[in-house]
1. With every protein chain kept in the model, how would you rank R208, R24 by accessible area, 1.4 Å probe, largest at the top?
2. Summarise the accessible area of the range 1-93 (1.4 Å probe, protein heavy atoms) by the percent that is carbon and sulfur.
3. For the chain, what class follows from the C-alpha gyration tensor (a ≥ b ≥ c being the square roots of its eigenvalues): rounded when a/c is under 1.5, otherwise prolate if a/b is larger than b/c, else oblate?
4. For G113, what residues show an amide H to amide H distance below 5 Å, using hydrogens built from the backbone and excluding near sequence neighbours?
5. So what does H34 come to for accessible area, using a 1.4 Å probe and Å² rounded to 10?
6. With an 8 Å Cα cut-off and a minimum separation of 6 or more residues, compute the relative contact order for the chain in percent.
7. So, taking all protein chains as they sit and a 1.4 Å probe, how much accessible area belongs to E104, in Å² rounded to tens?
8. Apply 1/(1 + (r/R0)^6) to the Cβ-Cβ distance of A242 and E106, taking R0 = 45 Å, and write down the FRET efficiency to the nearest 0.05.
Amino acid sequence: MRFDVVTLFPEIFDSITKCGITARAMKRGLWSCHTWNPRAMTEDVHRTVDDRPFGGGPGMVMMADPLAKTVDMIRASGNRGRVISFAPNGTKLTDERVRRMVAEDESVVLVCGRYEGIDERFLSTYVDEVVSLGDFVLSGGEIPACALMDAVVRQLPGAIKDLSTSDESFATGLLDAPHYTRPEVWRGMEVPSVLLSGHHANISRWTREESLRFTLQTRPDLIKIANSSGKLSDADRKWLRANGWK
């Protein structure tokens, strides 16, 4: 899977190309990342990529032309995939959207804005989708781009063990259950005895109930979605009703 990233700060992407699961997956040839600096598409001595907004207001706006020329160059290099930009007004990135990108297995162009934003004329003519990580503002699109790539790459077949992604948060429609490791007692706090029992059926039931409990307490909206999409069993609904779900 190929990602081409339009960014003024290509060094930020070392965190995903040189570290952890994503770096190992890149070495295995599962994905590639190419960064493109729109300053290279400018001709003035200052390599200008931004200017004051028409109508006034604080900050600067990224100009359409350097971005457009950069995407044109990416197209010429062979990436014909969707162009995604990032902004608080975009569609919230979800596990479902990430898994759909993995299933589509197509190249993607990521445009990382800076300053007050990007000229709307570029967005309306070049960008297919605007994505948001949530209701907050970041300094630019680089961190969301890294987050998207990390979420996608770890789902690529061969990146990590299949079981590691099949039972994690959101994969089942619920949040993951708590995890414990050695020592069995830490600062007076013990690991739940069921996890030490070796009884796989009981452990499985405990894990499911803890997942239900945690999701009900912190993200009850996910319970409703999981129920409507058929991801809850009769036993799940019985447990939830006994613990206050209506």
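1. Numbers: R208 65, R24 125 Å².
Result, largest first: R24, R208.
2. The nonpolar share, carbon plus sulfur, comes to 54 percent.
3. Working: a/c = 2.51, a/b = 2.05, b/c = 1.23.
Note, shape of the chain comes out prolate.
4. Placed amide hydrogens put F86, G141 under 5 Å from G113.
5. Its heavy atoms expose roughly 70 Å² to the probe.
6. Details: 329 pairs, mean separation 45.4, N = 246.
Result for the chain is 18 percent.
7. For E104, solvent-accessible area is about 80 Å².
8. Details: r = 45 Å, r/R0 = 1.00.
In this case the efficiency is close to 0.50.
The values are calculated or read from the model by the stated rules, or taken from the named source; none is laboratory data. Worth saying up front: this structure is predicted, and the values here are computed from it rather than measured. Please note: Cβ atoms are built from the backbone with ideal geometry, for glycine as well, and neighbour counts cover all protein chains shown. Accessible surface is based on the protein model in full, side chains and every heavy atom, while ligands, DNA and RNA are left aside. Shrake-Rupley method; radii C 1.70, N 1.55, O 1.52, S 1.80 Å.
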